[in-house]
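Here's the structure we're looking at; comments come further down.
The values are calculated or read from the model by the stated rules, or taken from the named source; none is laboratory data. On a predicted model such as this, the values are computed, not experimentally measured, just so you know. Please note: Cβ atoms are built from the backbone with ideal geometry, for glycine as well, and neighbour counts cover all protein chains shown. Accessible surface areas use protein heavy atoms only, side chains included; no ligands, DNA or RNA. Shrake-Rupley method; radii C 1.70, N 1.55, O 1.52, S 1.80 Å.
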Amino acid sequence: MPAAPLRLGLAGLGTVGIGVVKIVQREAALIAARAGRPVVVTAVSARDPKKNRDADLSGYAWETDPVALATRPDVDVFVEVMGGHDGPAKAATEAAIAAGKDVVTANKALLAHHGQALALAAEAAGRTIRFEAAVAGGIPVIKALTEGLAGNRIKRVMGVMNGTCNYILTRMQSAGLPYETVFEEARQLGYLEADPNLDVGGIDAGHKLSLLSAIAFGTRVSFDAVELEGIGAVSIDDIRLAEQMGYRIKLLGVAQMTGRGLEQRMTPCLVPAASPLGQLQGGTNMVVLEGDSVGQIVLRGPGAGQGPTASAVMADVIDLARGCRVPAFGLPAAALAEPVPARSATPAPYYLRMRLLDKPGALAKIATCMGDAGISIDQMRQINQPGEADDDAIVLIVTHKASPADIAHAMAQFDRTGVLVGRPVAIRIEEI
Ligand SMILES: NC(=O)c1ccc[n+]([C@@H]2O[C@H](COP(=O)([O-])OP(=O)(O)OC[C@H]3O[C@@H](n4cnc5c(N)ncnc54)[C@H](OP(=O)(O)O)[C@@H]3O)[C@@H](O)[C@H]2O)c1
């Protein structure tokens, strides 16, 4: 007797939802062969039933209410691709779990805010919640962490996980354009979320980092503890000058467990220009995973878009069709530890840029402040920009490893030297 099909209820018929429909329809035979049973869509939901959606939906039941869709008896897996961290996405996901359905979602915001509660509820109901598409789009990073690297202690997770920010930063660098101009270009190209701060403020990427961090370190998702800084203050001057020192600026997520606790930050960082992260161009994503046994793994690929995101949703669906059930965060949700946020970040080298009065002893005063703060200097360079007034000069410093507190202390002392013009800039250099 042929195996019973796995029946999907699909909430959301936008970019990702229609991508899922297309794969289910186009690859029905391949998926059935790989999963050992057919995968079919039985019912769908979206806001506007009249919208032209570039796919044949005539064979599917329509539900206006995603909660009604999630609880239909002819749905085995609720696929949530609507978005939003509260409201219908949360209500329908909870209803699906309560009705005994497995859930597949692409919604990082929902999981970053409610992942622990949803995972607990799913496990209590004997179900699973899967979210490959929620982090780094088409890159199978959740599977890599929960399965491929399950025999490792993860030491560090790093990544460029917001394609829009990487597009803006690489375009600033290649075209020599200021942030505001490229931000506007990105807006016109439709690259930005309706609320651009989700992208450029680092929130979207921070959601993703918090999910990877939970899996990597066996801790509850703690998005609120992610140190967030967006790219709005990254200047074209720093992009150019960092390049001269052999670095590129990326919005980089870093999570690591240290003796001081769990560090999670999504901030602009300098990375070596020649490194895989430094070479990453445009909207592409990259995740770097470091395990004690495996060493370093680099995953690179499309972080968004219809095909890549639907590809990740389908990977989860096919796993469920095969009967493959991995806990959402790699451990039973009840076993995830409450993370202790690190009070201070691991020391790192820093890039400092400042403008100093071009007079004897100015550099020595700055060097003294740094020495007093216990920071040693690796490189120091004075740059006189052609055509600029010669009564001040740009000074670039790359430090040896220093704590953020020491850097802040030194910067406060710079203010008292009387040789500083304007505000200095300090950017962490992430060692890779
Ligand atoms: N797009 C990507 O590349 C990408 C990548 C990774 C993850 N994701 C995640 O995937 C999810 C979906 O993204 P998307 O880009 O596909 O969004 P989208 O194109 O805006 O589509 C959202 C869909 O959800 C429907 N919807 C919204 N509110 C609803 C409600 N209250 N009831 C019923 N349906 C509702 C919309 O209906 P109407 O069409 O009728 O308005 C639309 O079909 C989000 O969580 C997003 O973060 C997206």
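Would you please state which residues of region 396-432 a label at residue 235 would reach in this model, taking the label point 7 Å out along Cα→Cβ and a backbone N cut-off of under 15 Å?
Of the residues in region 396-432, 396-397, 420-427 have backbone N under 15 Å from the label point off residue 235.
To the nearest 10 square angstrom, how much accessible area does residue 292 have with a 1.4 angstrom probe?
The value for residue 292 is about 80 Å².
As I understand it, the value is the acute angle between the Cα axis of helix 163-175 and the longest principal axis of the Cα atoms of the chain; what does it come to in degrees, rounded to 10?
Approximately 40 degrees, to the nearest 10.
Leaving ligands, DNA and RNA out of it, rank 75, 326 by accessible area with a 1.4 Å probe, largest first.
Numbers: 75 5, 326 25 Å².
Descending order: 326, 75.
Of 376, 210, which has the most accessible area with a 1.4 Å probe, and how do the rest follow in descending order?
Final ranking, largest accessible area leading: 376, 210.
What's the Cα-based Rg to Rh of the chain, Rh via Kirkwood?
Details: Rg = 24.3 Å, Rh = 23.2 Å.
A ratio of 1.05.
Per residue, how many Å² of accessible area does region 350-429 show with a 1.4 Å probe? Could the numbers behind the result be given before it?
On the way: 3960 Å² over 80 residues.
Ligands and nucleic acids excluded, the result is 50 Å² per residue.
Looking only at 74, 195, 238, which one moves most when the chain is put into a Gaussian network model with springs between Cα atoms under 10 Å?
Judging by the Gaussian network model, the answer is 195.
Keeping all protein chains in the complex and leaving out DNA, RNA and ligands, what accessible area do you get for residue 286 with a 1.4 Å probe, in Å² to the nearest 10?
In the full protein context, residue 286 sits at about 10 Å².
Modelled label-to-label distance, residue 185 and residue 299, 7 Å Cα→beta-carbon offset: nm?
3.0
Go ahead and estimate [θ] at 222 nm for the chain from helices alone: -39,500 (n - 2.57) per DSSP H run with n ≥ 4, summed, over the residue count, rounded to 500. Provide the component values of the computation, followed by the final result.
Working: 14 runs with 147 residues, N = 432.
Roughly -10000 deg cm²/dmol at 222 nm, from the helical runs in the chain.
Test of understanding: in a Gaussian network model of the chain with alpha carbons linked when under 10 Å, which of 106, 150, 175 would top the mean-square fluctuation ranking?
Looking only at 106, 150, 175, the largest GNM fluctuation is found for 175.
Measure nothing but the geometry: give the 0 to 90° angle between the long axis through the Cα atoms of 203-217 and the longest principal axis through the Cα atoms of the chain, rounded to 10°.
The angle comes out near 80 degrees.
What translational diffusion coefficient, in µm²/s and rounded to a whole number, does the Stokes-Einstein relation yield for region 6-134 at 10 °C and a viscosity of 1.306 mPa s, taking the hydrodynamic radius as the Kirkwood radius over Cα pairs?
D, rounded to a whole number, is 109 µm²/s.
How many percent of the accessible area of the chain is carbon or sulfur, using a 1.4 Å probe? Spell out each step's value before the answer.
On the way: 9270 of 17820 Å².
For the chain, the apolar C and S fraction of the accessible surface comes to 52 percent.
Any chance you could check the Cα centroid distance between region 388-413 and region 338-356 for me, in angstrom?
14
Using a Gaussian network model of the chain with C-alpha springs under 10 Å, which one of 409, 113, 207 is most mobile by mean-square fluctuation?
Most flexible of the set in this elastic network: 409.
In debye, nearest 20: dipole of the chain around its Cα centre with unit charges on the Cβ of K, R (+) and D, E (-)?
880
Roll a 1.4 Å probe over the protein heavy atoms and report the accessible area of residue 311 in Å², nearest 10.
The value for residue 311 is about 60 Å².
Going through the cross-link list 22/143; 359/401; 90/401; 250/359, which pairs have a Cα-Cα distance over 32 Å in this structure? Kindly include the intermediate steps, with their values, before the conclusion.
Values: 22/143 23 Å; 359/401 29 Å; 90/401 43 Å; 250/359 34 Å.
Beyond 32 Å between Cα atoms: 90/401; 250/359.
Taking GluC sites (Glu not before Pro) as exposed when DSSP calls them loop (any state but H, G, I, E, B) and at most 15 other Cβ atoms lie within 10 Å, what is the longest stretch of the chain free of them, the sites themselves excluded?
The segment 194-387 is the longest one with no such site.
What ranking of 223, 78 comes out by heavy-atom accessible area, probe 1.4 Å, highest first?
Heavy-atom accessible area, descending, gives 223, 78.
Under a plain spin-label model, where a point goes 7 Å from the Cα along Cα-to-Cβ, how far apart in nm are residue 416 and residue 25?
Distance between label points: 7.1 nm.
So with the 1.4 Å probe, I'd like the accessible area per residue for region 98-228, rounded to whole Å².
Details: 4520 Å² over 131 residues.
Averaged over the residues of region 98-228, the accessible area is 34 Å².
Once both labels are modelled 7 Å past Cα along the beta-carbon direction, what's the residue 50-residue 155 spacing in nm?
Once both label points are built, they end up 6.0 nm from each other.
Compute the angle between helix 15-26 and the longest alpha-carbon principal axis of the chain, please, reported from 0 to 90 degrees and rounded to the nearest 10.
50
Would you please calculate the Kirkwood hydrodynamic radius of region 350-429 over all C-alpha pairs and express it in Å, rounded to one decimal?
This gives a value of 12.6 Å.
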